[in-house]
Protein chains: 2
Amino acid sequence: MAIDVGFIGLGIMGRPMALNLLKAGHRLRVYGRRPETMQPLMQAGATACTSPREAAEGAEVTIVMVSDTPDVEQVILGAEGVIHGARPGSVVVDMSTISPAATRFMARELAANGVEMLDAPVSGGDVGAVNAILSIMVGGKAEVFLRVKPLFEALGKNIVHIGDNGAGQVAKACNQIVVAVTIQGVAEALTFARKNGVDPGKVRDALLGGFAGSKILEVHGKRMLDHDFKPGFKTRLHQKDLDIVMQTARELGLALPAAALVMQNLNALIGSGDGEVDSAAVVKVVERMSGL
Amino acid sequence: MAIDVGFIGLGIMGRPMALNLLKAGHRLRVYGRRPETMQPLMQAGATACTSPREAAEGAEVTIVMVSDTPDVEQVILGAEGVIHGARPGSVVVDMSTISPAATRFMARELAANGVEMLDAPVSGGDVGAVNAILSIMVGGKAEVFLRVKPLFEALGKNIVHIGDNGAGQVAKACNQIVVAVTIQGVAEALTFARKNGVDPGKVRDALLGGFAGSKILEVHGKRMLDHDFKPGFKTRLHQKDLDIVMQTARELGLALPAAALVMQNLNALIGSGDGEVDSAAVVKVVERMSGL
């Protein structure tokens, strides 16, 4: 059944996601900060809007896909924000990766206006967005999740309701912790092999089938062997996501020593001009530390 | 074709491995420090010996499967060691997990007597040993590897020749680095979820299919959720293996910050009485640090 959808944020992730919703037969009112980003959506049948507020007007579900916590706050709560257009009973779905605490705050603000909210961050990158195979981690009420699920199914494959508002962001943060720390482990192991004069490619082959096996050893391990750091997932964005982790951990009084260590290596990468390359480049920091 | 094999070390790993070699039709001369360990092998057709030297006498291949570097040195180079029994042209295969540097030293000592050496540490634990599905990482000459390969095929599945003497031990060390650091990453992520009031089991489910997916998230993540730390792979042995890593890194002048961090957590576990449980118990240290 066709749903009236507001869609805000037409970047590298948002644009293909909006196109997939159109393909699935839904009616879209889109808003992108840069007007030229709306052109391909209009050609595919979407209505262009001049503000997040306008995109949310009349929509049953308004999806937000922007970069960081302040962007989402601006889009949802700002002067021309979604909160001023969304009708009571409608749902705001934030698919950006942002702070769980900020998510809970916005959910409360929207609830005060009778508007529901889901946080639904994704993993799978732009390739996952284009091919509609994103993993989607959802926080919010179960019944609201079920209402929005047909839209999620047009965008992704592994769609999991984790818990209350913010729980999707917490799961995404966990994802980024595991990915970051595993990258560091693989980087140290391959550098250990290399420094011992042993072919790190053969070591990776030997390890892939056993307990050391992971998607990161497979994909990022290969990038490390080839020193080919075309993203993939940019260091700058991984740093942004781990910053959310470290802020949240600080607020909660939780020590995450390995995540903090990798955060330093992402800082070092960005400082040395590698913010736009894949975060598998952490291996460069491990190598450089010991003069390799 | 039946091979005359000397087999030294009949513990939790060595005993089932020796039995698998007998089952494959090879002739075994066995030695275990505790005489009672030789009984089941004798019943299966092996000849019991009174020293490593005697086990190596007349053998084409002598396999060593003991605990740590000093044990292997004693078994191979000691007064009643393999080096005094092994005939020129025969092969000594050390399947223990020990120092790469000590391995290279012993390979040189044996070579001076005309005896070949392979290092062939395994992963897969006692279950892998019993079921002959061990992963075997091999260092030494390629032609020697090919000579011994029929024996490896009676013991394991994923059999990889990594490089020269010591390269098998380096690969095993890499395996232990990746496993240790990934355990830490999974422990921090699941603790982050828990401290945020989010169900860590649902987070694990959501993460398994994506880039955070790994054998460790699957197996050790489950152990962490259940707080069921029945080994598996004992903390005490993981500490021993990471100690080899850290010693080797020190000798090479190589910094491995995340591996060093996990080493501290293994130390803390052992100090708090958890040396005999699975090293997934690292999550207990992460939890305790922040009073969980």
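The values are calculated or read from the model by the stated rules, or taken from the named source; none is laboratory data. As the structure is a computational prediction, the values presented were derived from the model and not from experiment. Cβ atoms come from the backbone with ideal geometry, glycine included; neighbour counts cover every protein chain shown.
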For the range A:45-67, does any single residue satisfy the condition of being surrounded by fewer than 23 Cβ atoms within 10 Å (Cβ to Cβ) and under 21 Å from the mean Cα position of the chain (by Cα)?
yes
Consider only pairs whose beta carbons are under 9 Å apart and that are at least six residues apart or on different chains; among these, list those whose first residue lies in the range A:159-172 and is more than 7 Å from chain B (Cβ to nearest Cβ) and buried (at least 21 other Cβ atoms within 10 Å of the Cβ) and whose second residue is assigned to a helix (DSSP H, G or I) and of a type in the set (S, T, N, Q).
A:ASN165/A:THR103; A:GLY166/A:THR103; A:GLY168/A:THR103; A:GLN169/A:THR103; A:GLN169/A:THR248
Failed item in (1) within 9 Å of another protein chain (Cβ to nearest Cβ); (2) of a type in the set (A, V, I, L, M, F, W, C); (3) touching a Gly at 6+ places or on another chain (Cβ under 8 Å), with B:LEU256 passing the rest
(3)
More than 8 Å from chain A (Cβ to nearest Cβ) and of a type in the set (Gly, Ala, Ser): is that true of B:ALA142 in this structure?
yes
Checking the structure you have, find out if any residue of the range A:49-67 is assigned by TED's automatic domain parsing to the domain that holds A:PHE145, under 22 Å from A:SER99 (Cα atoms) and among the polar types (S, T, N, Q).
yes
Scanning the range A:226-236 residue by residue, the ones that are in a helix (DSSP H, G or I), surrounded by fewer than 22 Cβ atoms within 10 Å (Cβ to Cβ) and either outside the structural domain of A:ASP274 (by TED's automatic domain parsing) or touching a residue at least 24 places away in the same chain (Cβ under 8 Å) (or both) total 1
In the range B:262-292, the residues that are assigned to a loop (DSSP other than H, G, I, E, B), among the hydrophobic types (A, V, I, L, M, F, W, C) and closer than 14 Å to B:HIS238 by Cβ:
B:VAL277
Any pair with Cβ under 9 angstrom, 6 or more apart, that starts in the range B:272-292 at a residue that is at pLDDT 95 or above and ends at one that is part of a strand (DSSP E or B):
B:GLY275/B:LYS234; B:GLU276/B:LYS234; B:VAL277/B:LYS234; B:ASP278/B:LYS234; B:SER279/B:LYS234
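Which of the residues that make up the range A:87-111 are part of a loop (DSSP other than H, G, I, E, B) and either of a type in the set (Ser, Thr, Tyr) or under 19 Å from A:MET17 (Cβ atoms) (or both)?
A:SER90, A:MET95, A:SER96, A:THR97, A:ILE98, A:SER99
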From the options B:ALA281, B:ALA249, residue that is within 11 Å of chain A (Cβ to nearest Cβ) and aliphatic (A, V, I, L, M)
B:ALA249
Just to be sure, is A:ALA59 part of a loop (DSSP other than H, G, I, E, B) and either aromatic (Phe, Trp, Tyr) or closer than 18 Å to A:PHE7 by Cβ (or both)?
yes
Against the definition (touching a Phe, Trp or Tyr at 6+ places or on another chain (Cβ under 7 Å), buried (at least 24 other Cβ atoms within 10 Å of the Cβ) and farther than 30 Å from A:ALA258 by Cβ), how does B:LEU155 come out, yes or no?
no
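Conditions tested, residue by residue: (1) surrounded by fewer than 18 Cβ atoms within 10 Å (Cβ to Cβ); (2) of a type outside the set (Asp, Glu); (3) modelled with pLDDT under 95; (4) not in a helix (DSSP H, G or I).
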site	(1), (2), (3), (4)
A:GLU80	yes, no, no, yes
A:MET117	no, yes, no, yes
A:ASP126	yes, no, yes, no
A:ALA129	no, yes, no, no
A:MET137	no, yes, no, yes
A:LEU146	yes, yes, no, no
Looking at the range A:198-211 only, could you name the residues that are within 7 Å of chain B (Cβ to nearest Cβ), outside any loop (DSSP other than H, G, I, E, B) and touching a helix residue (DSSP H, G or I) at 6+ places or on another chain (Cβ under 6 Å)?
A:VAL203, A:ALA206, A:LEU207
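A quick yes/no check of all residues on (1) touching a helix residue (DSSP H, G or I) at 6+ places or on another chain (Cβ under 7 Å); (2) under 17 Å from B:GLY78 (Cα atoms); (3) of a type outside the set (A, V, I, L, M, F, W, C):
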| site | (1), (2), (3) |
| --- | --- |
| B:ILE98 | yes, yes, no |
| B:LEU110 | yes, yes, no |
| B:ASN113 | yes, yes, yes |
| B:ALA120 | yes, no, no |
| B:GLY124 | no, no, yes |
| B:LEU134 | yes, no, no |
| B:LYS149 | no, no, yes |
Just a yes or no: is a residue in the range B:68-76 over 22 Å from B:GLN169 (Cβ atoms), modelled with pLDDT of 95 or more and either crowded, with 19+ Cβ neighbours inside 10 Å or not polar (S, T, N, Q) (or both)?
no
Single condition B:ILE216 does not satisfy, out of (1) over 19 Å from the mean Cα position of the chain (by Cα); (2) at the interface with chain A (Cβ under 7 Å from one of its Cβ atoms):
(1)
Mind checking which pairs have a first residue in the range B:107-121 that is closer than 12 Å to B:VAL144 by Cα and without any contact (Cβ under 8 Å) to a residue 40 or more places away in the chain and a second that is in a helix (DSSP H, G or I) and among the β-branched types (Val, Ile, Thr), Cβ under 8 Å, 6 or more apart or different chains?
B:VAL115/B:ILE83; B:GLU116/B:VAL144
Qualifying positions in the range B:173-197 - more than 7 Å from every other protein chain (Cβ to nearest Cβ) and of a type in the set (Gly, Ala, Ser):
B:ALA180, B:ALA187, B:GLY197
With the structure loaded, tell me whether A:ALA180 is more than 15 Å from B:GLY209 (Cβ to Cβ) and in a helix (DSSP H, G or I) or whether it fails that test.
yes
